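Okay, structure first, notes after.
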Amino acid sequence: MYDVIIIGGGPAGLTAAVYARRAGKSVLVLEKDAFGGQIAQSPRVENYPGFASISGAELADAMLAQAMEQGAEVELEEASAVRVDGGVKTVVCASGAAFEGRALILAAGAKPRMLGLAREAELTGSGVSYCAVCDGAFYKDRAVAVVGGGSSALQDALLLSETCARVYLVHRRDSFRGEQALADALRARMNVEFVLNARVTELLGAGELTGVTVEQEGGTRTLAVEGLFVAVGTEPELAAFAPLLRLDAAGCADAGEDCLTPTAGVFVAGDCRKKAVRQLTTATADGAVAALAAVEWLDRAGGGATP
Ligand code: NAP
């Protein structure tokens, strides 16, 4: 029986692990994919205090190492359901494993949103990608397109412009939601073309992507690209835990800055929580708040009663 089980080993979950361990609680972190979450796929992080510039993977490794040095246990397991029985939460995993804890922190993060185009799933891995850091190298000296106008799309386009022959940045509006500094850096790249007020409407090619159709005001255009990098935001990964939570229309846990959920002893942290600003700093802040709330709940209620 753990004092705290944390579902999700991204910045929110790993920060929660550090705080809960330093408060003397036993901690298990469950991660289904790769520790570090989305940040592990960020080519450069330049807005996390203390690091002028660091790769996302390096930062993720450092966060995991710190949590483990503090004594957190970690397991690569996909949590698929949670049973709440009084003060005991049983996390059931896809592998069949089950873990018991008294407090639970949901820091499950978010997964990339798809465009919803015909054949998008079929061409994923054959030209369509949701991770420029992972797949960008396959498109050296080729033409690619990035879809989206947030910081992720701008960062992806910057990264790809370093190795690809041509990068089209397709965005549905004429101004970017992402950081101004990233947009300015992109404007200076000679091999980048902005395709604005535009939507990708069709994926071309049989078996492998050979191009995309883009609809813009005034007409349709074909971009001859071998890679399409989709960076149109993320969706929370909370469906499996919905009975414990109050979800908003977007599927985010409707919890305030205190990270409390309607279920006693269950807390939510990071990108899966309803919030206005989703940054590394706000994820780690949530992790600290949720862990301290869990510690207080355990100390006050003994984990067995509603505080
Ligand atoms: P985001 O900020 O939510 O941006 C998503 C973008 O995709 C928006 O430009 C949106 O267009 C567009 N979009 C959404 N659905 C679409 C669709 N169906 N078709 C076409 N376009 C669509 O997502 P993100 O870029 O992944 O960033 C997520 C969070 O991480 C943000 O808070 C961001 O600031 C943060 N982040 C920060 C950094 C950094 O270094 N500072 C890097 C990466 C991410 P509209 O603008 O028209 O809505």
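General observations
- Antiparallel DSSP beta bridges within the chain, percent to nearest 5: 45
- Take every DSSP beta bridge whose two residues both sit in the stretch 1-152; close to 45 percent of them are antiparallel.
- Residue pairs exceeding 23 angstrom between C-alpha atoms, taken from Lys32/Lys140; Lys32/Lys111; Lys111/Lys274; Lys32/Lys89: Lys32/Lys140.
- Computed Rg/Rh of the stretch 116-227, alpha carbon atoms with Kirkwood Rh: 0.93
- Sum of -39500 (n - 2.57) over DSSP H runs of 4+, divided by residues of the chain (222 nm, nearest 500): -7500 deg cm²/dmol
- Under Karplus coefficients 6.51, -1.76 and 1.60, residue-wise ³J(HN,Hα) of the stretch 59-70 in Hz, glycine/proline x: 5, 4, 4, 5, 5, 5, 4, 5, 4, 6, 4, 6
- Shape call, the stretch 238-281: gyration tensor on alpha carbons, a/c limit 1.5: oblate
- Top positive-direction residue, dipole computed over the stretch 202-307 with Cβ charges, set Leu228, Leu280, Leu292: Leu292
- Average projection area in nm² (convex hull over Cα atoms of the chain, one quarter of hull surface): 16.2
- The value for the stretch 31-112 of Rg(Cα) / (2.2 N^0.38 Å) is 1.30.
- Ordered by the number of other Cβ atoms lying within 10 Å of each residue's own Cβ, fewest first, Met63, Met1, Met68 fall into the sequence Met1, Met68, Met63.
- Exposure proxy ranking, count of Cβ atoms within 10 Å, fewest first, for Val45, Val146, Val84: Val84, Val45, Val146
- Mean separation of Cα contacts under 8 Å (6+ apart) over length of the chain, as relative contact order %: 21
- Among beta bridges that DSSP assigns inside the stretch 91-190, antiparallel share in %, nearest 5: 25
- No disulfide-compatible partner, judged by a Cβ distance under 4.7 Å, exists for the following cysteines of the chain: Cys93, Cys164, Cys252, Cys259, Cys272.
- For the stretch 197-273: rounded, prolate or oblate by the Cα gyration tensor [a/c cutoff 1.5]: prolate
All of the numbers you see were taken from the coordinates with simple rules; none came from a lab. Note that the structure is predicted; figures quoted are calculated from it, not measured. Every residue, glycine as well, gets a Cβ built from its backbone with ideal geometry; the counts of neighbours run over all protein chains shown.
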